[in-house]
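Let me begin by presenting the structure, written as structure tokens, before commenting on it.
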Amino acid sequence: MGFKVLTAEVFHETNTFSRLHTDQEAFRNRLFLLGKAAVAERSNANTEIAGFCDVAVGRDWEIDHVLSAAAGPSGCVTRAAFDWICGPIVDRASKGNHNGILLALHGAMVPDFCEDGEGELLRRIRAMVGPSMPIAVSLDPHANVTQLMCELADILVSFKTYPHVDMRDTGRQAADILHRTMAGEIKPRTIMVRPPMLKEVNGGRTDIGPMIARLAKARAYEARHDAFAVSVNAGFASADIAEVGPSVLVTGQGDYSAHIAFAKELSDDIWASRHDVLNTYLTVEAAAALASSYRSAEGPLIIADYADNPGGGAYGDSTALLEAMLMADIDDACFGPIVDASAVQVLGGVPVGSQVSVDLGGKTDPLFGGGPLYVTAELVRVSDGHFTGDGPMIGGLADSFGPSAVIRVEGIDILVTSLARQMLDLQQFKAFGIDPAKKRVVALKSMQHFRAAFAPVAGQVIVCDSGALCTPNYTRMSYQSVRRPIYPLDNTAIEQDPA
Ligand SMILES: [Zn+2]
């Protein structure tokens, strides 16, 4: 038997502007599995742990998996939840019988007692294992990478796709670099360069736009004998923390001045293209008007509500787009989700097929995306909310919206759920009796991930800003802790004196 490697998965993308704190229940509602049960559930899917296991088999490692934990993007993680998840990892690391540590982290977790959740986890682990234990971390490119993370982890490797479809590949890449490090073949560390920006324009889209060329340069640079991974992170702008925003990482050894120069070249390119926005953010009225006249044999019009994306920590209960669609008499349409547990409860109390009046959505914070919508609906179906993905992102993975219902209001089938989930798989409609490919109009809550599964069935895709919590209009947020100056908040100052 070869090396013994401690592994764990901890994912949270914290929207510090959210009113909803992230507690243990939020993790239990999404993903909390220990040891072998976690590996069994996740190692035959497109996940980081699957990639770790691929390398473990090939390299004859023994994997000592502590846990896999994730909560839906939401507000700051409570100290109790943070300690509950990190404690077992730190305890296991303290046993001292591992050759290396391999963690799958999102990279944008903010606990309620410090700004850098991943840095804090790594600090606690390092305190147990000392400076020489090789530590590798895979990251989501929406990570807000901190200097502390770069100092404490030897190896940091991010996904290269958005929509994210390379989790398993990234797991393999991080594990391979860790293997070479444990074997004494290389001794990497990770450097970072970042521009003074809140968010990389286009959120890091890799299906079109300038990221394609940057990632090609990154792959070419990895061919150097002393560079093992180049990561281009878009960052996560909905976090009011000093070390927010895009970053370029090089995990390597040897000629660090060359690595820094290369990272700066990519960072400068991100800065230079900060004004180039690929999405056109329509108003909800303009989106509804387009839907009104849309006819195509190629497939439905997909309207993505960018701002109410639960995948960015928005509440998923914004009603602005739905209201505009109802005002425009849109028919042959579906809409999902409206996250509203109290409405689901009301709907659960009447027979399927009956007419029911309900206050729908808009309850968490009406200032972001509209207040409750009073509708009279036909109750089409009630459900426990479970679905299993079959698309490129979550194929084979089970998840749940919690108790849910489908209601029909005029020509729109609406999925009402208890838990907030981003729409990124057709099964998130199909499991509830709605076939989005057969609708004329599909409205959903997502920024970009929906494209992986929905673009292939779409006739046209448009994106709108409902004014919900993930609005691309950053000036609506009261940033206080981000480093200044920063684009776009301090546009004028930076333009005059480029950093
Ligand atoms: Zn991401």
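The values are calculated or read from the model by the stated rules, or taken from the named source; none is laboratory data. Model, not experiment: these values are computed from the prediction. Note: ideal-geometry Cβ built from the backbone for every residue, glycine included; neighbour counts use all protein chains shown. With ligands, DNA and RNA removed, areas are computed over all heavy atoms of the protein, side chains included. Shrake-Rupley method; radii C 1.70, N 1.55, O 1.52, S 1.80 Å.
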*Can you find a residue in segment 417-425 that is touching a Pro at 6+ places or on another chain (Cβ under 6 Å), closer than 16 Å to Pro163 by Cβ, open to solvent by 30 Å² or more (accessible area, probe 1.4 Å) and within 16 Å of the ligand (Cβ to nearest atom)?*
no
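Count, please, the residues in segment 357-372 that happen to be in contact with a strand residue (DSSP E or B) (Cβ under 7 Å, 6 or more places away or on another chain) and open to solvent by 20 Å² or more (accessible area, probe 1.4 Å).
Here is the first cut: in segment 357-372, the residues in contact with a strand residue (DSSP E or B) (Cβ under 7 Å, 6 or more places away or on another chain) are 357-362, 372.
Those still in the list that are open to solvent by 20 Å² or more (accessible area, probe 1.4 Å) too: 357, 359, 372.
Total satisfying the criteria: 3.
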*From the list Phe32, Phe82, which residue is surrounded by fewer than 23 Cβ atoms within 10 Å (Cβ to Cβ), of a type outside the set (Val, Ile, Thr) and free of Cβ contacts under 8 Å to residues at least 60 places away in the same chain?*
Phe32
*Out of all the residues in segment 58-69, is one or more within 30 Å of Leu367 (Cα to Cα) and touching an Asp or Glu at 6+ places or on another chain (Cβ under 7 Å)?*
no
*Answer with yes or no whether Gly35 is farther than 22 Å from Asp140 by Cβ and modelled with pLDDT under 95.*
no
_Selection status of Leu266, under 16 Å from Thr471 (Cα atoms) and in contact (Cβ under 8 Å) with a residue 12 or more places away in the chain_ = no
*Please give the number of the condition Ser247 fails out of (1) more than 16 Å from the ligand (Cβ to nearest atom); (2) under 20 Å from the mean Cα position of the chain (by Cα); (3) not aliphatic (A, V, I, L, M).*
(1)
*Criterion violated by Gly96 - all others in (1) at pLDDT 95 or above; (2) away from the ligand (no atom under 16 Å from the Cβ); (3) open to solvent by 10 Å² or more (accessible area, probe 1.4 Å) satisfied*: (1)
*Which numbered condition Ser231 misses (of (1) hydroxyl-bearing (Ser, Thr, Tyr); (2) within 16 Å of the ligand (Cβ to nearest atom); (3) open to solvent by 10 Å² or more (accessible area, probe 1.4 Å))*: (3)
*Any idea which residue in segment 311-332 is nearest to Ser418 (Cα to Cα), counting only those that are surrounded by fewer than 24 Cβ atoms within 10 Å (Cβ to Cβ) and over 18 Å from the mean Cα position of the chain (by Cα)?*
Glu323
